[in-house]
Structure formats: C-alpha cells, structure tokens
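Comments concern the structure below.
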Amino acid sequence: MDKKRREFLKIVGISTLAGLGAPAVFDRLVSGSHPVQARASATGAQGGAGGQQAAAAGHSQAAAGTGKRYGMVIDVRKFKQYPDLARECVRVCHAVHNVPHFPDRKEEIKWIWQTPYTSAFTEHSHYYRDEDLEQNQVLVLCNHCDNPPCVRVCPTKATFRNEDGIVEMDYHRCIGCRFCMAGCPYGARSFNWRDPRQGLDMNNLNRQFPTRMRGVVEKCNFCVERLGRGQIPACVEATGNTGAMYFGDLNDPDSEIRRVLKENFTIQRKPSLGTLPSVFFII
Amino acid sequence: MFEKALKGNNYYWMWLAFLGAFMAIGAICYVRQYLYGLGLTGMSRDVSWGLYISNFTFLVGVAAGGVMLVLPYYIHNYKAFGKITILGEFLAIASILMCLMFIVADLGQPLRMLNVVFHPTPNSMLFWDMIVLNGYLLLNIICGWVILTAERKQVKPPKWVYFFVYISIPFAISIHTVTAMLYCGLPGRHFWLSAIIAPRFLASAFAAGPALILLISRILKKVANFDAGREATDKMVTIVIYAAIINAFFLMLEFFVGFYSDIPGHKHTLLYLFTGLEHGGHVYNNLVPFSWGFVVLSTIGFALLCIPYTRRNDLWLAVGSASLFVGLWLDKGIGFVLGGFVPNPLEEITEYYPTLNEIMITIAVWATGFFILTILYKIAVGVEHEVEA
C-alpha cells in the first residue's frame, strides 16, 4: 500500500467518524437552542403545557423538587355510588383523543379502562375482600411515574417525562420497538397494530387532537393538550362535581389534590417498584 | 474470494434454491406485513413481542457462541482449532445478520430505525445492543475476511488484525450480556427480573453455538470433504457438554428461588411454561409442549454427546448436536421471551399464537441466514481446499 493511498484512507476514516458523530452533536445544539419549536412541532400538540419547553432537557431528570408535578386522585367509592360514571370517563377520553375501537382484543387500544381490583392492585392481599371490592371495578390509566421505566428503556426518547411530571409520547419519533410496553409495569401502553383510522368514526373525529399512524405506541397523556388551553383532563371533567376524581399540582401544598391526599388514606399501584406513580386511589 | 461461491455441484445449487424459495415467500409476507402493520402477526397488547424478538434473542446467543472457537485458538494457542475458527467467525456474521433482520421485521416503523442513531439514548439497553451487535458484526467481517485472505496467500495475517481478534472476544460476551439486559432490568416482569439471566444466556449460547458448528462440520465432512479433525471435534463436544450442564444448573436455580421462596410472582411464568397457569377458572398452557420439548431434546442431545460410542459416530454426533440445538432454541428462542409476558402486569393471561404470515417471515429470516452462511462456508472451504492442493 503506497503512502498516498494510506493518507487518503486515513482522511476518509476520520471524516466518516466525524460524520457519524455530528448528528448527535447537532441534535443537542438544535434542541438546546430552540427547545420550544423542536418539541412542539414534533409532538404536534396544540400550545403546550407548563413545562413542555423543557421536555428535551427534562428527559433524564429524576423526581423534580421544584415546579409543577401533575397528579390525580381516583376515589373508587364514588364510582360505586355513580355506576355509569366510569364508563363515561372512558368514553370521553377515547373520544377526545381519537382512540380507535377494535373489537378484537388482540388489537385493543385503551388509554383509560376499568379493571377488577385484583388486577389493578396485584400486590395487595386478596383474601377475604369486602363485597364492594369483589364486585366493583377500578379505573386505571398511565401513572405518569416520577421515575418512569418506559422512559428509561425507550431507545429514541420518543417517550419522555416533562418537567411537570407528565410522561408524553412523540408519535413522530417512535420506531415501534415496543420496549416501553415490556417496561411498563402497569400495562398502560397500547400499540397501533394496524391503521388506527380504520377503528375510528372519521365523521366524528376531534379535530383538536391528531390521530395516530400504525406502528407507534400510545397511552394516556394526562390531557397535556387540554392543560395547555387551561382545561382539566377530560376524564376529570366528566366526573363533574361528584368528587370521583381530582387533578392538580402535587408540588403545591395548597392545592385541592394535596388537601384530598392529606384527608384520605390513599394507595398507589405497585409502590414497591419505586416508579413513584402520580395517580393515587381512595379505596 | 467470492468467485468460490459461484462454483458448486448440483446439490449446492439445489440447497441455495431451496433456501431461496423460502426467502421469496418470506419477502412477499413481509411486504404484506409492511403494508398492513404488525396486526398481521399474533402479537397483542399483552404479548407485545413474539417470534421475531424471541428468535432474535436466541440468535444473538448463536453469534456469541462462535467465540468458543476463537478464544481457545487465539488466547490459549490451541492449534487444533486453527482450521475451524473461521467457521465460528462466519457463523457469527450470519447470525448477527439474522438478528438485525428480525429486529427490522419487528419494528412498527422500520423506516425510522435510524432514530436510534439520530437520538442516541444511553439509558436504553436497546441503544447499547445496537452498538455491540453492529460492532461484533464488523469485527467478525474484518477478522474473518483478513485471516482467510492471508491463509489463501499462505502468509501470516497482518499484525493489526490481532487487535480486532482480541477485542472481538469481550464483544462476543457483551452482545449476549446486553441482550439479557434488555429483559432483566424491567421492573414488574418477575420471570425476567433475575441477575442470573445474563450468565444463563451465555451458558446456553456457548452450548448452542458450538453445537450448531458440530452439526455443520459433520455435514461439511460429508458433502464438502472438509474434516474439522478428531481432536477439534472432541474439544468442541467437551465445551458443549459443560455449557449445557451450566445452563441446566442455572435454570434449576431459577426454580429453587421461585418455589422455595414461594413468592407467587416468581413462580407464575415457570408454572405457565411447565404445567400451565390457572386464571379465572381456565388453565392456560400453550407453551407447555415446547418447554418439555426443550427438556427432552436437550437431554437426548446431551446423552448422545456424552456416550463415547455415539460421540465417535458421525451420524449420532450430528443427531445429538441437532437435538441439543433445537432443545436450546425451544428454551430461549420460544419459552423465555414469550413466557415472560404471562401473566401480564395486571396478572391477566393472554396467549400468543403466531400467524402463518409471521411464521413464514421467521422461516425466511432463518433461510436468509443459512443462505449467507452457506456462501461464506463455501468460500472458507474452497480456500482450504485450494491451500491443500
């Protein structure tokens, strides 16, 4: 091998390495300087909630001590009192977010649903339950964990934790590897096994929220798009003033949700896993 | 050296055509899946990974298993393996290519796969798996090709290539370790949440990889007049036996931990795999035949490799290696991944039945792998014959 060829190969090699590294650096620079545009355009969300600007930066941050952390309290007793309420919450959520309906269980997509107490709280003793728990179902949804395993395992940062505690999805970045579905200990995530529009009534879409495409994962987003418009989550709104659901800032000691948490004994799903869920249940 | 793959007898071409037919069918099936979505598979919300990822996991092991031939030769200067290290390296290339194909087949949005590179995420084990798998592929291509070229020219391989040979050894360990970490770091998946997964993967890999090479070397002896040699064969059998014992030992430890501690979550999947699991008055047990198939086939294979008479007989040795290889595939390529999704995080049970379309794609990936392997081995054996002549 003569010398010139060797030099040439060296240059080619170095510039290839530089080329491979550049996108990463470039990405950092771009998202660092224009996080609002980068994230907002990527999620396709309207406006943007509390800490959405810091989405990219907040990705790998642990439990935030400052700023907002949205949370929810679900009062299972109230849902027993108003038997049709839970179904209405599910219906409203799925309508607002254009969640498709497929009758085949294999293709099921759900953001919020009812499940027996034994399925929702697998770690709790199931011996000699009282009749209420035996018969009633519990509403479950994404827990928007403070330490979310789905975010940890995602290879593209397509799912990320906002600074306000909401765990969001970027449907345009998701490659559909479904690692987050294996990682989520609450079974909160669904995959679009086929074109979701085939499971939607296209004449009754909510034009304020995008439909998804096949091959991406989706889940409850705590109505981040509604929060950005100053509204509360659709399911909470559907419960009206029944007191069945509370939503608010867990970091604000004067908030209603903190008052409810102070006055009631609440439990979380699978607390031993250290995921720090933001959804609490009054049983 | 590729010209060596272009000359062969009728059986060679018939074999390639046979594989090619499956590749063509699989390609059509993949186009169907690409146009419709992964709904054409049997996967569901609860069993969100199926045959693609389970076979991927197994084949990472086969790729890593090749290091059991490379390590004794290059680290311990074990000369008997000199002739067959190339088989290990080329098997690794074909296996990793199958792994990559399985990953792409499994993606919901395959066109976006480069997002893993554009948005590097060090906290995701999949990111590291991408790095070590591609790294190991590249290392084996470099080492295999350079060393084979040197052999053909009957000169010593250039010194620089040894650097890549040596780093390929920890890379082989790392590919299967990182693949195990895809599973064993997930909270709430009790069956996978075990520190022994990575060592168990490696033990199973070091049995399955060399077992496949044993089988193939019997075939090469028959059809290509390529003899690995008595000493090398015996040594490979020893490696396979020890690795298979360690794998069985690790699996029994999983049973001990689950059943002695008597923690329900730790027993569920083991019960589901070996006896069936009851839920809501119904017993779910569709993986039980595969799990017992693993026990039976690997025991038969193990026995055939241990008994001196059958070990020294080429046919029995081939049957034993094949039996062990298939047994280990049933364990890691079926049971481990699919079983881990039962029960789901809400302790409900959904069973998984792969569809025909999905099975044909899976077969096609295997066929493509063996197509590549056949061509690579044809070249390696051709060079060997040329040097001998």
Could you list the trypsin sites (Lys or Arg not before Pro) in the stretch B:1-75 that lie in coil according to DSSP, counting only those with at most 12 other Cβ atoms within 10 Å of their Cβ?
-> B:Lys7
Evaluate E = 1/(1 + (r/R0)^6) for B:Met252 and B:Ala303, where r is the Cβ-Cβ distance and R0 equals 22 Å; express this FRET efficiency to the nearest 0.05.
-> 0.80
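Suppose only helical runs count, i.e. DSSP H with n ≥ 4. What mean residue ellipticity at 222 nm does that imply for chain B under -39500 (n - 2.57) per run, divided by all residues and rounded to the nearest 500 deg cm²/dmol?
Counting only the DSSP helices, I get -24000 deg cm²/dmol.
According to the Cα gyration tensor, what semi-axes, each the square root of 5 times an eigenvalue, does the equivalent ellipsoid of the stretch A:147-252 have, listed from largest to smallest in whole Å?
Largest first, the stretch A:147-252 gives 24, 20, 12 Å.
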Charge dipole (the protein assembly as shown, unit charges on Cβ, about Cα centre) - positive-most of A:His101, A:Thr115, A:Ala238 = A:His101
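Using only the Cα atoms, work out Rg/Rh for the stretch B:2-388, with Rh taken as the Kirkwood radius, to two decimals.
Across the stretch B:2-388, the Cα-based Rg/Rh ratio is 0.97.
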Where in the stretch B:155-184 does the amide nitrogen come within less than 16 Å of the point 7 Å from the Cα of A:Ile14, taken along Cα to Cβ?
-> none
Within the set of other residues whose C-beta is less than 12 Å from the C-beta of B:Ile197, count the net charge using Lys and Arg as +1 and Asp and Glu as -1.
-> +2
Of the residues B:Thr41, B:Gly382, B:Leu202, the Cα lying farthest along the dipole of the stretch B:2-388 towards its positive end, which is defined by charges on the beta carbon of Lys, Arg, Asp and Glu, belongs to B:Gly382
Starting with the fewest neighbours, write out A:Val140, B:Val67 ranked by other beta-carbon atoms found within 10 Å of each beta-carbon.
-> A:Val140, B:Val67
Where Rh is the Kirkwood radius over Cα pairs, Rg/Rh for the stretch B:180-220 | 1.25
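When A:Glu237, A:Glu168 are ordered from fewest to most other Cβ atoms inside 10 Å of their Cβ, what list results? Please report the intermediate quantities before stating the final value.
Values: A:Glu237 16, A:Glu168 24.
Least crowded to most crowded, the residues run A:Glu237, A:Glu168.
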Förster-model FRET efficiency, 60 Å R0, A:Asn147 and B:Ala389, C-beta, rounded to 0.05 | 0.40
Radius of gyration, Dmax [the stretch B:254-327; alpha carbons; angstrom] = 16.7, 52
Plugging the Cβ-Cβ distance of B:Thr275 and B:Ala195 into 1/(1 + (r/R0)^6) at R0 = 22 Å yields, to the nearest 0.05, a FRET efficiency of 0.30
Other protein chain Cβ atoms within 10 Å, averaged over every residue that makes up B:35-47 | 6
What does the charge dipole of the protein assembly as shown about its Cα centre add up to, to the nearest 20 debye, if the Cβ of each Lys and Arg holds +1 and the Cβ of each Asp and Glu holds -1?
-> 1960
For the stretch B:44-145: Kirkwood Rh in Å [reciprocal of mean 1/r, alpha carbons] = 15.0
Within the stretch A:99-176, chymotrypsin sites (Phe, Trp or Tyr not before Pro) in DSSP loop having at most 13 other beta-carbon neighbours inside 10 Å = A:Tyr127, A:Tyr128
If you take the charge dipole of the stretch B:2-388 about its Cα centre, with +1 on Lys and Arg Cβ and -1 on Asp and Glu Cβ, which of B:Ser95, B:Met113, B:Gly50 is farthest toward its positive end?
-> B:Ser95
By count of other Cβ within 10 Å, fewest leading, how are B:Phe118, B:Phe256 ordered?
-> B:Phe256, B:Phe118
Using 0.36 nm per residue, how much length does the chain from B:Trp13 to B:His76 gain when fully extended, once their Cα-Cα distance is taken away?
-> 18.8 nm
Once B:Leu315 and B:Val283 are pulled to full extension, the length gained, defined as 0.36 nm per residue separation minus their Cα-Cα distance, is 7.4 nm
Modelled label-to-label distance, B:Val104 and B:Ile363, 7 Å Cα→beta-carbon offset: nm?
-> 2.2
Arrange the peptides B:78-84, B:176-182 so that the one whose residues have, on average, the most other Cβ atoms within 10 Å appears first.
-> B:176-182, B:78-84
State log₁₀ I(q)/I(0) for the protein assembly as shown at q = 0.05, 0.07 Å⁻¹ as given by the Debye formula over alpha-carbon point scatterers of equal weight, solvent excluded.
-> -0.27, -0.52
Taking the Cα centre of the stretch A:35-282 as the origin, how large is its charge dipole in debye, to the nearest 20, when only Lys and Arg (+1) and Asp and Glu (-1) carry charge on their Cβ atoms?
-> 680
At 7 Å along the Cα-to-beta-carbon direction for both B:Leu114 and A:Glu7, put a label point, then send me their distance in nm to one decimal.
-> 3.2
For the stretch A:35-282, what mean projected area does the convex hull of the alpha carbons give, in nm²?
-> 13.2
Taking every residue in A:180-188, how many Cβ atoms of other protein chains lie within 10 Å of its Cβ, on average?
-> 6
Using a simple charge model, +1 on the beta-carbon of Lys and Arg, -1 on the beta-carbon of Asp and Glu, nothing else, what dipole does chain B show about its Cα centre, in debye to the nearest 20?
-> 1080
Just grab the label-to-label distance for A:Glu88 and A:Tyr128, each label 7 Å out from Cα along the Cβ direction, in nm (one decimal).
-> 3.7
With springs only between Cα atoms under 10 Å, which of B:Trp316, B:Trp160, B:Trp13 fluctuates most in a Gaussian network model of chain B?
-> B:Trp160
Applying the span-like rule to chain B (DSSP H, Cα extent along axis at least 20 Å, Kyte-Doolittle mean at least 0.5) gives B:10-36, B:51-65, B:85-106, B:125-153, B:160-184, B:197-223, B:230-261, B:288-306, B:314-328, B:356-388
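Tell me, Kirkwood radius of the stretch A:124-177 from alpha-carbon pair distances, in Å?
Value: 13.8 Å, from the Cα pair sum.
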Over the Cα atoms of the stretch B:220-369 the radius of gyration and the largest Cα-Cα distance (Dmax), both in Å, equal 18.7, 59
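Where a number appears in this text, it was derived from the coordinates with a stated rule and is not lab data. Since this is a predicted model, take the numbers as computed values, not measurements. Backbone-built Cβ (ideal geometry, glycine too); neighbour counts: all protein chains shown.
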